[in-house]
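The numbers here are math on the coordinates, done by the rules we state, and not lab data. None of the values given here were measured: they were computed from a predicted structure. FYI the Cβ positions are ideal-geometry reconstructions off the backbone, even for glycines, and counts take in every protein chain you see.
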Amino acid sequence: MDNLESIAVRVEDGLDESLRTDNVWPLLRQIEQALQSLQESGSETVIDLGAMPFSAQDEQDLRERLGRGEVNATVEAFGPTLVQETAFAGVWLVEYLDAEQRRLTLHLQIARIPDLLITPADDLADSLASLRRANRDFSAAPTEDVQ
Amino acid sequence: MSLLDFARGTALQWSLYIFVVGIIWRILGAALVMRRKDMSQARISGAERVKEGAMTILTRSVPPETFEKRIRFSHITGYLWHIGYFVVVLFFIPHILFIKSFLGFEWPGLPNPMILVIGAITLATLVALLVRRMTHPVLKLISTADDYISWLVAALPLITGYMVVARVGLHYETLLGLHVLSFCLLLIWFPFGKLMHVFFIFPSRYNVGAIFARRGVRV
Amino acid sequence: MTDNKTLAERLRERGVSRRGFMKFCAATASMMALPPLMIPRIAAALEQARRPSVIWLSFQECTGCTESLTRSHAPTIEGLIFDHISLDYHHTLQAAAGDAAEHAREAAMQENEGEYLLVVDGSIPLKDDGIYSTIAGITNLSMLEDVAAGAAAIISVGTCAAFGGIPHANPNPTGAVGVSEIITDKPIVNVPGCPPIPTVITGVLAHYLTFGRLPELDSLNRPMVFFGQTIHDRCYRRPFYERGQFADTFDDEGARKGWCLFKLGCKGPTTYNACATAKWNDSVSFPIQAGHGCIGCSEPNFWDKGAFYEPLSAGRWGTPAALGAAVVAGAAIGLGSAALARKRQAEASEEKDI
Amino acid sequence: MTVSEEAFEQFRAGVGMLSEMAPPATERTDEERVRIFKNTVIKKIMPHEAMDLETCVHCGMCAEACHYYVATEDPKYTPIRKLELTRRVYQREVSPNRWLRRLLTRDITAQELEAWQELVYDSCTECGRCSLICPMGIHIAEMVALTREGLANASLAVDEQRAMSHEQGQRGTMFGMGSDSLVQAAQVLKQKGIDVPLDQPQAEILVVTSVIEMTLFTDALEGTAKIMNKLGCSWTVSTCGYEAANFGYMAGYSGYHRAAAMRVIEAAIAVGAKTVIIPECGHSYPALRWDGAAAYGKPLPFEVVAISEFIGREIKAGNLKVNKIPAAGKVTYHDPCKLGRVGGVFDEPREALQALGVDLSEVSPNRAQSYCCGGGAGNFLIRRAAPLRAKVWELKRGQFEDAGADRVVTSCASCRINFMAGAADTHWEKPIESLVALVGANLAD
């Protein structure tokens, strides 16, 4: 071999029609049922796509099927988390990434709003306390600048 | 040593040796009993008789219509399970690799779902034949222990094979070990039961063809 | 040496918000292969989890297991979990050396008697009273027995500690065995692999932290959640296997197209591990994805199970010489049988026909 | 031309008496019977039979070829089951796996031997049809003959056949009739102007006949003589070796088979015959044609042909001219098993019928696959087998009717007897005729 460039390198995990696992269709049916129970009884469902054989091709197929909805949010906590509403209201894709943008896991959440977007009750107390502290600091601060 | 290692190592070797010793023993032992020469004047030459005998090996696979219409069920089921069995044995890729490890060469296989369907048909046919053997007046009367043992020994690799694919109950490698052991059992029983027809069918068909041909009758 | 901070508190100190904590719990659940339904329970448990004392003993080993675990360089889940434990003795990682190190171990053992976790990597030589591997003049065997006595549970990390591994391979000159051959009165979790997947090690630790007990184990004491299915079961190349599309060599069309490596000796179907889903190097890839079949490194006796490149369904048929001998023996017995039958026929011929 | 009803009924009555007339069988203990049967099977089994017995898969297809099973659907008539005792002896005593088979296979008992008499004499005519269907190629019929030999040696041959075999084997007569009957029959023909050259010192052709042709089917003997004379051959019938029938051969007495065959062989050699012509008598053909050499101990120094075979050949060669039968109607030809399936004579009789200008309508199945008449291999002698023969007759009658036959022609006395008996009992009116008689009656001038 003359040089390293002559070694063909290709990314194995890329999209490949032949890498479908046949898991998309059963998953869509599962989403349908979950959406029905959300509508009827308000019960929410989370499906962990990281825990089943699910290829990149499968994921692309699924994303194509579900489409994109109105809401698109990023939560910056312990690395970014991408929250994407699909074209079907109530069906969300939640992608957890770590600080180096590597995926921790991918959830499908069937809910009116994903848990992660709701302000945690614990944080309300902290937040009120810190806002009060901030307001106190603000009111106590010298006012030369204003003058 | 795990069950699988035992099965495809020691057990496989010894059952192969028993198989080889057994078939040669049985063929020679039967073929070399006392012989008497037929001194009658044959209608056709020796060479033609050999040809007719050899032809009978083939023609006996397709009996004349007058026979065929009375044995159609046995005939179709017989072909069905034999062909199904050979397809599963010879065209399932792990099997090809198993045989390759013995013969040193391989050939193209079939996709697994096709093998599964063919195997299911084969097994269903075998079960139907067993039921028939236990209920049909003629078969009930002429069946011996050999028939039932040979049925079981032939069916076990199919059954355990399905268990391996379906992961029934036990670990994959344990099931695979059992599957290989069931094949070893087949090899061991082979020379001692009716499965030997795989070999004897050739001289028997040849002989009946040649005997009738001597008298000028093509059978 | 242990403090009383809970994991939640520790995370908060590091500036991880409540959302971050919940995300951590979701990732932990995924890592432990638990359903998302369990996330709130995990969160509740981790809020309360105290810092356990861990003693790590390395015996006949290559340090690959430790490398596997410590190779992370970013604030990963594994890192956080690992940081939370109090690693009181690990002779590769700890700063202390010599007597000081051994004293640290003894102190941890005394202080946390009956509560500390013992992690072992490497096998233990038994031959000639175990003299083939010693630390500070103490044989591995005697150190293991000593430390195991006060441990709450033992985690055998790597195939060597779990099943004897490579030192145990034929002809096994040191009489090496795994931990469970020696210690029989303590709960033992085997996390085999050469090396084991780091997330699996931390997954077991996370489970212990979360639920205060060891996870559900299989017949070889491996955590079911990680070792419940084979590589083959979860392999992304499985569809090729079913379709009958295989690579015949490592540089043929099939190999380039990423077809199944069964024919090239992949041991995926008989190897129970989480490589195909957890993957390696921060979930970048795993051996099959890199184009090489699984060698079954997490299985007992993997080194002695035949060639890595021999298809799993290959039989060991014996030698042509033995087969030839069988042919000769068969012919001899057959001829003998026929001779005896002819003798019997000659005797019967004494009986005259009417 | 046809045989009178009275003569036929007289003949049937005579045959019906056989079992009473039979001399008592040799007294044998159970142990002796078992020992003798075993020794017979052991010494006679040959390699191809051994391999046949090794290869049976018990598929049961042979039952579907057997006229007895087809007519009754009784599983006990399954051909391979008729070999059960032979198989067991082989497997326990000769088979390469005998050490294992002895564990799995029961020994035979004298009671079983007695029970098997019915299966190999009453319900098997060694017609060989099962040997054609067997997917393994087992020659079942041949081994029924072997089983008969074992039973005959063990004094368990069926009474009627034992009686006939003993008489023929020991005294050379049948139904008490000897060579004087032949002389008488020749005189009767002489009066009709048909010459039968008895005991010529030298002849090209030795014609053998049978007691049945001297008494009942005289039309066949007459036809034979007329044909031979017409052809102007050098032929003779020997009073020393005139009887073609060989009851020892059928019943399984190889000693009697040899004795009867040797009379003909010696007579043929004495006159320097190049050809021996066998009459229309089924088993006589294989008894000399195929198994005569074994009795003689070396190849026969002459050719053996069946009369229908001879006629067909001569007609085809243009040596024998026949008239077309006017308004013959639809004729069907029944292939006798011993002549056809296990003899190879199919075309020659048809050649003769074509020459006679008849409308030949074949039964289905025919030729090699033809069904047996139901009474071959000496079965027609067995009184208790009559109900079974009646059932097979129904089968055959159906085939004849399906073929639309106005008359049935065959070339075997025993087929003819069975069909005539069946026809008489069921009032079936169609004539059942001899091929030789038909040709003899229609010779061209």
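Taking the centroid of alpha carbons for each part, segment D:344-398 and segment B:166-219 are 39 Å apart. Against the longest alpha carbon principal axis of chain D, how many degrees, from 0 to 90 and to the nearest 10, is the axis of helix D:179-191 turned? Taking Cα atoms only, the helix is inclined about 30 degrees. A simple rule links phi to the HN-Hα coupling: the Karplus curve 6.51 cos²θ - 1.76 cosθ + 1.60 with θ = phi - 60°, which for segment B:180-196 gives 5, 5, 5, 5, 4, 4, 4, 4, 6, 6, 2, x, 9, x, 6, 4, 4 Hz, with x for Gly and Pro. Karplus-based coupling profile of segment A:84-94, in residue order and whole Hz: 10, 7, 8, 4, 9, 4, x, 10, 10, 10, 10, with θ = phi - 60° in 6.51 cos²θ - 1.76 cosθ + 1.60 and x standing for Gly or Pro. Judged by a Cβ-Cβ distance under 4.7 Å, the unpaired cysteines of chain D are D:Cys56, D:Cys59, D:Cys66, D:Cys124, D:Cys134, D:Cys233, D:Cys240, D:Cys281.
Restricting the calculation to Cα atoms, every distinct pair contributes to the Kirkwood radius of segment C:52-226, found to be 16.0 Å. Rounded to the nearest 10 degrees, the inclination of helix B:197-214 to the longest alpha-carbon principal axis of chain B is 10 degrees.
Taking the fewest neighbouring Cβ atoms within 10 Å as the starting point, the ordered list for C:Trp56, B:Trp151 is B:Trp151, C:Trp56.
Springs between Cα atoms under 10 Å define the GNM used for chain C, and in it the highest mean-square fluctuation of C:Ala148, C:Ala97, C:Ala169 occurs at C:Ala97.
For chain D, the relative contact order works out to 17 percent when only alpha carbon pairs closer than 8 Å and six or more residues apart are counted.
Residues C:Val327, D:Val436, ranked from the fewest to the most other C-beta atoms within 10 Å, line up as C:Val327, D:Val436. Centre-to-centre, using Cα atoms only, segment B:88-119 and segment D:165-236 are separated by 71 Å. Amide hydrogen proximity for D:Gly282: with H placed 1.01 Å from N in the peptide plane, the residues at 5 or more positions away or on another chain lying under 5 Å are D:Ala413, D:Ser414, D:Cys415.
When only Cα pairs below 8 angstrom with a gap of at least 6 residues are kept, segment A:70-126 shows a relative contact order of 24 percent.
Note on B:Ile83 and A:Asp126: their simple-model spin labels are 7.3 nm apart, each label 7 Å out from Cα toward Cβ.
Placing a label point 7 Å from the Cα of A:Trp25 along the Cα-to-Cβ direction, the residues of segment A:61-85 with a backbone N closer than 19 Å are A:61-66. Note on A:Gln60 and B:Val198: with the Förster distance fixed at 45 Å, the Cβ-Cβ geometry gives a FRET efficiency of about 0.30. Ranked for footprinting exposure by Cβ neighbours inside 10 Å, fewest first, D:Trp99, A:Trp92 give D:Trp99, A:Trp92.
Counting lysine pairs in chain C whose alpha carbons fall under 21 angstrom apart, excluding pairs fewer than 8 residues apart on the same chain, gives 8. Quick one: grab the alpha carbon gyration tensor of chain D, order the square roots of its eigenvalues as a ≥ b ≥ c, and give me rounded if a/c is under 1.5, else prolate or oblate depending on whether a/b is larger than b/c. Prolate, since a/c reaches 1.5 and a/b exceeds b/c.
Working note: Karplus 6.51/-1.76/1.60 with θ = phi - 60° gives segment D:255-262 the couplings x, 5, 4, 4, 4, 5, 5, 5 Hz, where Gly and Pro are set to x. Taking amide H atoms as placed 1.01 Å from N in the peptide plane, the amide H of D:Arg129 has no partner under 5 Å among residues 5 or more positions away or on other chains. Less than 5 angstrom separates the built amide H of D:Ala306 from those of D:Ile278, all sequence-distant by 5 or more or on a different chain. Expressed to the nearest 5 percent, the antiparallel share of DSSP beta bridges inside chain D is 10 percent. Between C:Pro36, C:Pro125, C:Pro52, the Gaussian network model of chain C with springs among Cα atoms under 10 angstrom shows the greatest mean-square fluctuation at C:Pro36. Rounded to whole Å, the principal axis extents of the Cα atoms in the protein assembly as shown read 168, 71, 64, largest first.
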